[in-house]
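**Student:** Below is one structure. I have some questions about it.
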Amino acid sequence: MPPPAEVALDLQTASVAHAAAGRLRRARRLGHGAAGRLLVSRLFQPLSLQEGGEAGWEARPGGEAACRSQKLMVQGGLICPAGPGCYHYLPSAVRAMEKLVGLIDREMRAVGGQKLNMPSLSPAELWRASGRWDQMGRELFRLADRHGKDYCLGPTHEEAVTDLVATQTNLSYRQLPLRLYQVTRKFRDEPKPRFGLLRGREFYMKDMYTFDASEEAARHTYSLVCDAYRRVFEALGLRFVQVQADTGSIGGTMSHEFQLPADIGEDRLVLCPTGHFAANVETISAEQTTCPTCGEPLTPTRGIEVGHTFYLGTKYSSVFNATFYSAENKLQLAEMGCYGLGVTRILAAAVEVLSTEDSIRWPSLIAPYQVCFIPPKKGSKEEKGAVLMEHLYDNLAEAVPQLAGDSVLDDRTQLTIGKRLKDANKLGYPYVIIAGKRVCDDPPVFEVWSQNTGEVMFLTREGVIELLSKVRVP
């Protein structure tokens with residue numbers, strides 16, 4: 001009879017083997033290859049990457065106006081037109097969006113945000129109480145239920161969240177500040193949808209609503225959230241400007257937009273060349289052509305709005321009686337702010353400003369996949385390098401676990417390496433690893449393309465793993 005220690009070791013070995021077999025079975029059920037490799041041939045990513053090709057709604061007569069990001073995202077199988085201003089978000093786009101939401105979540109939690117989810121269907125009486133049922137005009141998607149009760153599909157949720165907080169009749173100053181946010185679909189009846197995800201009828205937004213005990217505290221919250229927005233764009237490596245903005249239909253007494261400068265942008269901006277002043281032209285007079293701080297001439301440019309912040313004061317809390325008990329046990333109206341980030345607009349705007357005319361370039365943090373492996377063509381002199389490439393894929397997944405689900409193997413070995421490299425370049429994988437002619441060297445050498453820098457490196461297996469171990473994945 002074997003000693004207890006040996007029995008325990010055998011049981012542990014059997015358990016590990018059983019778990020590994022289970023992972024392999026699950027990987028195969030999920031459409032992965034051997035050892036759980038994610039194969040390009042199994043991705044639901046309908047490509048239309050031919051030179052100058054157009055696909056989908058924007059190519060039809062009378063279709064919506066197109067721009068670089070829209071064409072690239074449709075051709076790359078990231079989005080698919082479903083109707084004017086509405087898109088299917090395909091798996092690769094959802095991966096990018098989930099990474100972006102994860103980054104936003106971390107920043108919102110860092111400023112005390114608590115995540116919730118409110119209905120898209122909003123009762124008309126809330127909007128009539130605030131006056132926006134009529135003020136918003138035809139921008140609202142309106143409908144009635146079978147009982148004749150009016151609703152709208154929410155483009156924003158100031159009314160809903162203020163009514164929610166107002167139901168908490170025993171709210172104390174000790175529970176403030178209250179910073180509530182969500183990431184949900186929003187709806188806006190655009191008369192002429194255009195530019196893909198930049199101006200649609202249905203889109204994803206992160207919206208935060210804050211409740212403070214005083215104006216001073218609310219302005220402090222405003223500053224904190226603006227700082228968080230800046231960190232989001234800095235982490236993405238996107239050049240942005242924060243500009244004074246009009247409060248518009250949302251209201252309030254102070255507002256700023258976060259803009260990505262771009263020729264396709266629909267907003268006209270003026271910027272001080274030394275950074276003292278920036279504004280949307282809607283907020284200044286035509287006579288103002290110089291910086292009010294340093295006197296330098298203001299530079300005109302265009303921008304894509306990707307974020308908007310508002311100090312609301314008591315505009316909504318007074319309507320819905322959102323109050324709290326002060327330290328003196330007196331009821332006071334909460335001071336509010338609201339803060340929006342266009343999630344799908346950030347995706348499209350990043351593609352718009354970073355990409356070339358025919359190739360997507362992602363902020364590396366939110367690329368759908370970080371690494372694409374390209375083995376040799378079947379029947380080529382380097383074909384034996386296919387096994388080495390598979391081993392490298394597996395070695396990387398083991399050595400750098402955060403990349404295990406962020407790597408794809410382009411198993412379309414009936415195609416040349418050049419054709420697959422061209423596709424990978426257009427799809428914007430931050431790193432492409434090729435088993436080229438030097439894969440037959442001793443030791444094997446792999447060709448590594450860094451798409452965002454344009455650098456090409458020749459590295460051994462150990463060099464590849466060392467390089468990719470430094471990649472940040474949210």
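**Student:** Within the range 156-188, how many residues are under 17 Å from residue 318 (Cα atoms), open to solvent by 30 Å² or more (accessible area, probe 1.4 Å) and assigned to a loop (DSSP other than H, G, I, E, B)?
**Tutor:** Total meeting the criteria: 4.
**Student:** Let me ask you something else. Restricted to the range 453-474, and to residues that are part of a loop (DSSP other than H, G, I, E, B) and touching a Phe, Trp or Tyr at 6+ places or on another chain (Cβ under 8 Å), which residue is least open to solvent (accessible area, probe 1.4 Å)?
**Tutor:** The first filter runs over the range 453-474 and keeps only residues part of a loop (DSSP other than H, G, I, E, B), leaving 453-454, 460, 469-474.
From what is left, the residues that are touching a Phe, Trp or Tyr at 6+ places or on another chain (Cβ under 8 Å) are 460, 471.
On the way: 460: 47, 471: 18 Å².
Top of the filtered list is 471.
**Student:** Can you go through 121, 153 and tell me which one is open to solvent by less than 60 Å² (accessible area, probe 1.4 Å) and within 21 Å of residue 208 (Cα to Cα)?
**Tutor:** The match here is 153.
**Student:** How many of the residues making up the range 376-392 are open to solvent by less than 10 Å² (accessible area, probe 1.4 Å) and of a type outside the set (A, V, I, L, M)?
**Tutor:** Here the count works out to 2.
**Student:** Answer with yes or no whether residue 356 is open to solvent by 10 Å² or more (accessible area, probe 1.4 Å), touching a Leu at 6+ places or on another chain (Cβ under 8 Å) and either at pLDDT 95 or above or closer than 30 Å to residue 414 by Cβ (or both).
**Tutor:** Taking the combined requirement at face value, the residue does not satisfy it.
**Student:** Please verify whether residue 390 is assigned to a helix (DSSP H, G or I) and in contact with a helix residue (DSSP H, G or I) (Cβ under 8 Å, 6 or more places away or on another chain), treating the condition exactly as stated.
**Tutor:** For residue 390, the condition - assigned to a helix (DSSP H, G or I) and in contact with a helix residue (DSSP H, G or I) (Cβ under 8 Å, 6 or more places away or on another chain) - is met.
**Student:** If I filter the range 74-126 down to residues being in contact with an Asp or Glu (Cβ under 6 Å, 6 or more places away or on another chain) and assigned to a helix (DSSP H, G or I), which single residue comes out as farthest from residue 338 (Cα to Cα)?
**Tutor:** Here the residue is 124.
**Student:** Within the range 367-387, does at least one residue satisfy the condition of being more than 27 Å from residue 165 (Cβ to Cβ) and polar (S, T, N, Q)?
**Tutor:** Yes, that holds for at least one residue.
**Student:** Something else now. Given (1) open to solvent by less than 30 Å² (accessible area, probe 1.4 Å); (2) at pLDDT 95 or above; (3) more than 14 Å from residue 312 (Cα to Cα), where does residue 193 come up short, assuming only one miss?
**Tutor:** (2)
**Student:** Got a sec? Which of 93, 82 is open to solvent by less than 20 Å² (accessible area, probe 1.4 Å) and touching a strand residue (DSSP E or B) at 6+ places or on another chain (Cβ under 6 Å)?
**Tutor:** On inspection, the qualifying residue turns out to be 93.
**Student:** Taking the range 313-352, which residues are under 30 Å from residue 234 (Cα atoms) and part of a strand (DSSP E or B)?
**Tutor:** 313, 335, 336, 337, 338, 339, 340, 341, 342
**Student:** Now a separate question. When residue 148 is evaluated against the numbered criteria (1) in a helix (DSSP H, G or I); (2) over 30 Å from residue 102 (Cβ atoms), which criterion, by number, is the only one it fails?
**Tutor:** (1)
**Student:** Only one of these is under 24 Å from residue 86 (Cα atoms) and surrounded by fewer than 23 Cβ atoms within 10 Å (Cβ to Cβ): 346, 366. Name it.
**Tutor:** Values: 346 fails: surrounded by fewer than 23 Cβ atoms within 10 Å (Cβ to Cβ).
So the residue among 346, 366 that is under 24 Å from residue 86 (Cα atoms) and surrounded by fewer than 23 Cβ atoms within 10 Å (Cβ to Cβ) is 366.
**Student:** How about the range 396-429: which of its residues are farther than 17 Å from residue 451 by Cα, in a loop (DSSP other than H, G, I, E, B) and out of contact with any Ser or Thr (no Cβ under 7 Å at 6 or more places or on another chain)?
**Tutor:** 404, 405, 413, 414, 415, 416, listed by residue number.
**Student:** Restricting to the range 108-143, name every residue that is out of contact with any helix residue (DSSP H, G or I) (no Cβ under 9 Å at 6 or more places or on another chain) and free of Cβ contacts under 8 Å to residues at least 24 places away in the same chain.
**Tutor:** Across the range 108-143, the qualifying residues are 109, 137, 143.
**Student:** Let me ask another. Can you tell me which residue within the range 196-219, out of those that are crowded, with 21+ Cβ neighbours inside 10 Å and acidic (Asp, Glu), is farthest from residue 334 (Cα to Cα)?
**Tutor:** Here the answer is 207.
**Student:** Only residues in the range 220-240 that are touching a residue at least 24 places away in the same chain (Cβ under 8 Å) count as the first member; pair them with residues that are among the polar types (S, T, N, Q) and in a helix (DSSP H, G or I), Cβ under 8 angstrom, at least 6 apart or cross-chain, and list the lot.
**Tutor:** What qualifies is 237/364.
**Student:** Output the number of the condition that residue 105 fails; it satisfies all remaining conditions of (1) of a type outside the set (Val, Ile, Thr); (2) modelled with pLDDT under 95; (3) surrounded by fewer than 20 Cβ atoms within 10 Å (Cβ to Cβ).
**Tutor:** Exception for residue 105: condition (2).
The values are calculated or read from the model by the stated rules, or taken from the named source; none is laboratory data. Note that this is a predicted model, so its numbers are computed, not measured. A quick note on method: Cβ atoms are made from the backbone with ideal geometry, for glycine too, and the neighbour counts reach across all protein chains shown. For accessibility, only protein heavy atoms count, side chains too; no ligands or nucleic acids. Shrake-Rupley method; radii C 1.70, N 1.55, O 1.52, S 1.80 Å.
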